[in-house]
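Q: Got a structure for you, questions after.
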Amino acid sequence: MTGLPASVAAAVLLVATLGAAAQDIDYDPRRPQELRPCDEHMHRGRINEARECYALLLSSQDSVTHAEAAWALGDLRTANELLRRSVRLDEQAVQPRSRWARLFLQTHQYADAIKLFREALEISPDDVHAKLGLAQVFAERFEGQAKTLLQEVLGQDDQLLGAQLLAARMALEEGQFEQADKALDAAARIASRRELPPLEVYSLRAALELSRERSPDAWIDRALAYNPRYGAVFQELAHFEVMRRRYAQASVLLRRAIEVQPELWSAHAELGSNLLRLGELAQARSHLTKAYSGDPYSPTIVNSLRLLDRIGEFELISEPVYAVGRQFEVKLRLHRSEAAALRPYVMELASKGVQQFSQRYGFTLHEPVTLELYPDHDDFAVRVAALPGIGLLGVTFGYVVAMDSPSGRPSGEFHWGGTLWHELAHVFTLEATGHRVPRWLSEGLSVFEEWRTGPAPGVAVTMDAIAALRDKRFLPIDELDSGFIRPSYPGQVQVSYMQAGLICLFIDERWGFEKLTALLQQFTRKGSTGQAVEAVLRISPKKFDEQFDEFARLRFAAILDHTLEWEQQYRRAREAVDQERWSDAVGPARRAAELYPGHVGADSPHVLLAQALDKLGRREEAITALQDFRRAGGWAPSALRDLGRWLDEAGRAREADEVLAALNYADPLNAEHHAQLGERLLAADDAEGALREFQVLLALSGHDPAPAYFGAARALRALGDREASRRRVLDALAVAPHFKPAQAFLLQIIQEANRNE
């Protein structure tokens, strides 16, 4: 229901119950005075008195007062119609427009809320309340514009309680505790002076204490003394626990929220989403259903329930893995349409990951790890809807990993094996620190592991990150978390991933990997990033930033000093390849690859160079170009297929086999690839690997299964399982009775059996 135009909104807003849709605390001084006594009852938790008070105002001749009373009673249809009428009667009305926008905001219709706030600002460009409302929308969506707009609001009027509260909340979300403290001090003074409810001040104070690893109980007690039904104090605490990826702790707090305020539907919704993250599906459904009964407008609730309705389409598979002398359990949740095809590769990576990360981080898993792969990207998005950031491929909720399946995106769009490796590293860094590790270090270590130990190793840094380094837009290490949470420019989230990975690379190369693990261990206890850096590396954060900047600029000196030349050479190479002017492409492609080897997308200069060299009959040089591409972290399926074919034609079969096997972690659902690789592995006397490929081929659709059955039969025979081999060749002949190779193979089996008798 998001994004509906205001003109039709009245048709979709329905009646809800008090507590389900009552407004957030409204600090706007323009609020009609008649509402104040009712508001006081509500803020104190006197629900019956508040209901009676608001009901008396339903006969008010002032349409805004009537609308606010209806809204407070949960009658959103009436509130919507009255506010729309107020705006129509006075096209220059600002306050009714802003209130109407907040109604849309509460019913999750963000596009309409933004439209109305902007209309209010067109009428009155300096209206701080409309600006504040717009900043709140952006803040809820974790957009960088929120900070700029809020600063503008506070510059106009720093005595707005709502603005100081929003500043405190945003600072807390970014881990800027001193800024949050200052904003809350200002908010408390304003609330006291203007006799406004201090409930949100108390809630955010409690959250600040919890974020500092101190007890929030004193502030919780003050909130409940003011309003014994104020479950939102626990929901606020849970929000920040989710921000810190402490999902189990968040669930405890959300349960307390609904104990105190059973009709706090947003807490039911968040608890349901959180239980879904933790894999507790039955309880998740229960709370999401309750949330929907009180708030049917939330797309998150609706989509989560739809996902749970489809969960029966997935297979839950448990398999053992062995590491550090122990057996662990890995659970796979795979869609039944692709479970058989993906299972061997997911388990192979999971087993390697558990083994390596257990040793590298000195941490022993205490629970089974669950890996969920979603072929429908929208289903995956439901799993991560409550998290900040954009462009996600996978998310780790402690021992539960959710990610896109290889079929969730077009072939070549992402390296699913690298994503799984990245997320598995998160399991260890999060659990080893009790989820206290800051976002930048957990993400940085996962990127570092992709580069160093993953299935497509190579330090592949995006050009956006190079541009950010060049333009001095890398953040100080103790502010780096903000780049993930609330980006201030397009692409900053991805740039922050790259910067965090480079920081870990820098520490590894300068001080050694043991210092990286020591830095991680610093976050098993209280402390900031700056304190951890000083304790482990014995330098100040400022000095660290200076040395890291020197390291990064030296590593990327060629591209930083010749960015314009790189762009020109790369463009010339692209144009020449597009026009099939192969000789003209070689020079500029080679120069672009020399200036920046780390550009490894499907349109990499390495790939352009290889294409041109191959067309010119310079195959050995073309092979070298693609090997350079792969060493730099390149994995584009089309390029790897070319490399495998060229190596094979050059008589380098083992190298070709290794390249083609690596394709399984980039493009595992290509039937032709598995057929080819299965035959190659049989020829190389790797019967076990060949059997896996033919079994995967049989799990895929859209091809003739007879050759796959026949391949599996030969692999089984090589492994000594003659009976299974006979069954598979019979399967081949059942599909294709005149398949001569299978006929000959069956005859051979029969003859061997007769001789043995």
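The values are calculated or read from the model by the stated rules, or taken from the named source; none is laboratory data. Since this is a predicted model, take the numbers as computed values, not measurements. Positions of Cβ are backbone-derived with ideal geometry, glycine not excepted, and every protein chain shown enters the neighbour counts. Protein only, heavy atoms only, side chains kept; ligands, DNA and RNA dropped before computing areas. Shrake-Rupley method; radii C 1.70, N 1.55, O 1.52, S 1.80 Å.
Q: Which residue pairs have Cβ atoms under 9 Å apart, sit 6 or more places apart or on different chains, and have a first residue in the range 388-404 that is hydroxyl-bearing (Ser, Thr, Tyr) and a second that is at pLDDT below 90 and surrounded by fewer than 20 Cβ atoms within 10 Å (Cβ to Cβ)?
A: Tyr399/Leu278; Tyr399/Gly279
Q: Restricted to the range 121-147, and to residues that are assigned to a helix (DSSP H, G or I), in contact (Cβ under 8 Å) with a residue 24 or more places away in the chain and out of contact with any Leu (no Cβ under 9 Å at 6 or more places or on another chain), which residue is surrounded by the fewest Cβ atoms within 10 Å (Cβ to Cβ)?
A: Ile123
Q: How many residues are open to solvent by 10 Å² or more (accessible area, probe 1.4 Å) and small (Gly, Ala, Ser) when one looks only at the range 424-453?
A: 2
Q: Separate question: Quickly run through the range 214-250 and pick out the residues that are polar (S, T, N, Q) and open to solvent by less than 60 Å² (accessible area, probe 1.4 Å). If you could, list the steps in order and put the result at the bottom.
A: The first filter runs over the range 214-250 and keeps only residues polar (S, T, N, Q), leaving 215, 227, 235, 249.
Within the range 214-250, Asn227, Gln235 meet the criteria.
Q: Just for the range 67-80: of the residues that are in a helix (DSSP H, G or I) and either surrounded by fewer than 23 Cβ atoms within 10 Å (Cβ to Cβ) or among the basic types (Lys, Arg) (or both), which one is modelled with the lowest pLDDT? Spell out how you get there, then give the answer.
A: Residues of the range 67-80 in a helix (DSSP H, G or I): 67-72, 76-80.
Subset that is either surrounded by fewer than 23 Cβ atoms within 10 Å (Cβ to Cβ) or among the basic types (Lys, Arg) (or both): 77-78.
Values: Arg77: 91, Thr78: 94.
Per the criteria, the residue is Arg77.
Q: If you scan the range 174-194, which residues turn out to be of a type in the set (Phe, Trp, Tyr) and open to solvent by 90 Å² or more (accessible area, probe 1.4 Å)? Let's see the steps before the verdict.
A: Initially, the range 174-194 is screened for residues of a type in the set (Phe, Trp, Tyr), giving 177.
Within the range 174-194, no residue meets the criteria.
Q: Just give me the residues in the range 368-383 being charged (D, E, K, R) and open to solvent by 20 Å² or more (accessible area, probe 1.4 Å), in sequence order.
A: Asp376, Asp378
Q: Follow-up question, since we're still on this one. Of Val137, Val153, which residue is farther than 19 Å from Asp24 by Cα and of a type outside the set (D, E, K, R)? Show your work before the answer.
A: Numbers: Val137 fails: farther than 19 Å from Asp24 by Cα.
Checking each option against the conditions leaves just Val153.
Q: Somewhere in the range 640-660, is a residue open to solvent by 40 Å² or more (accessible area, probe 1.4 Å), touching a residue at least 40 places away in the same chain (Cβ under 8 Å), within 23 Å of Trp421 (Cα to Cα) and not basic (Lys, Arg)?
A: No.
Every residue, every condition in (1) at pLDDT 95 or above; (2) on the phi > 0 side of the Ramachandran plot, yes or no:
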position: Arg326; (1), (2): no, no
position: Lys331; (1), (2): yes, no
position: Val346; (1), (2): yes, no
position: Gln355; (1), (2): yes, no
position: His377; (1), (2): no, no
position: Arg383; (1), (2): no, no
position: Gly389; (1), (2): no, yes
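Q: Would you check if there is a residue in the range 306-315 being open to solvent by 20 Å² or more (accessible area, probe 1.4 Å), out of contact with any Lys or Arg (no Cβ under 6 Å at 6 or more places or on another chain), in a loop (DSSP other than H, G, I, E, B) and without any contact (Cβ under 8 Å) to a residue 40 or more places away in the chain?
A: Taking every residue of the range 306-315 in turn, none turns out to be open to solvent by 20 Å² or more (accessible area, probe 1.4 Å), out of contact with any Lys or Arg (no Cβ under 6 Å at 6 or more places or on another chain), in a loop (DSSP other than H, G, I, E, B) and without any contact (Cβ under 8 Å) to a residue 40 or more places away in the chain.
Q: Here's another thing I want to ask about it. Mind listing whichever residues of the range 459-507 are assigned to a loop (DSSP other than H, G, I, E, B), at pLDDT 95 or above and of a type outside the set (A, V, I, L, M)?
A: Residues satisfying the conditions are Asp471, Lys472, Arg473, Phe474, Pro476.
Q: Assess whether Leu365 counts as being buried (at least 20 other Cβ atoms within 10 Å of the Cβ) and part of a loop (DSSP other than H, G, I, E, B).
A: Against the criterion (buried (at least 20 other Cβ atoms within 10 Å of the Cβ) and part of a loop (DSSP other than H, G, I, E, B)), Leu365 qualifies.
Q: How about the range 543-567: which of its residues are exposed (fewer than 13 other Cβ atoms within 10 Å of the Cβ) and of a type in the set (D, E, K, R)?
A: If the condition is that a residue be exposed (fewer than 13 other Cβ atoms within 10 Å of the Cβ) and of a type in the set (D, E, K, R), then Glu546, Glu550 are the ones that fit.
Q: Out of the residues in the range 279-300 that are out of contact with any strand residue (DSSP E or B) (no Cβ under 6 Å at 6 or more places or on another chain) and in a loop (DSSP other than H, G, I, E, B), state the one that is modelled with the highest pLDDT.
A: Taking the candidates together, the pick is Glu280.
Q: Right, something else. If I filter the range 702-714 for residues that are buried (at least 19 other Cβ atoms within 10 Å of the Cβ), touching a Pro at 6+ places or on another chain (Cβ under 7 Å) and in contact (Cβ under 8 Å) with a residue 60 or more places away in the chain, do I get at least one hit?
A: no
Q: Taking the condition in contact with a Ser or Thr (Cβ under 8 Å, 6 or more places away or on another chain), surrounded by fewer than 17 Cβ atoms within 10 Å (Cβ to Cβ) and modelled with pLDDT under 95, does Ala111 pass?
A: yes
Q: Quick check on the range 355-374. Is at least one of its residues closer than 29 Å to Glu693 by Cα and in contact with a Pro (Cβ under 6 Å, 6 or more places away or on another chain)?
A: no
Q: Within the range 596-611, does at least one residue satisfy the condition of being closer than 30 Å to Leu554 by Cβ and touching an Asp or Glu at 6+ places or on another chain (Cβ under 6 Å)?
A: Yes - at least one qualifying residue is present in the range 596-611.
Q: Just to be sure I understand, how many residues within the range 119-142 are under 30 Å from the mean Cα position of the chain (by Cα) and not aromatic (Phe, Trp, Tyr)?
A: Result for the range 119-142: 10.
Q: Identify the residue in the range 171-186 that is free of Cβ contacts under 8 Å to residues at least 24 places away in the same chain and of a type in the set (Asp, Glu) and, among all such residues, is nearest to Ser528 (Cα to Cα).
A: Glu178
Q: Among the candidates Gln494, Gln522, which residue alone is over 30 Å from Ala666 (Cβ atoms) and open to solvent by 40 Å² or more (accessible area, probe 1.4 Å)?
A: Exactly one of Gln494, Gln522 is over 30 Å from Ala666 (Cβ atoms) and open to solvent by 40 Å² or more (accessible area, probe 1.4 Å), namely Gln522.
Q: Sticking with this structure for a sec: Just checking: which of the helices (runs of 4 or more DSSP H) contained wholly in the range 543-639 hold 2 or more residues that are under 36 Å from the mean Cα position of the chain (by Cα), in contact (Cβ under 8 Å) with a residue 24 or more places away in the chain and over 26 Å from Leu502 (Cα atoms)?
A: In the range 543-639, the matching helices (runs of 4 or more DSSP H) lie at 563-578, 605-615.
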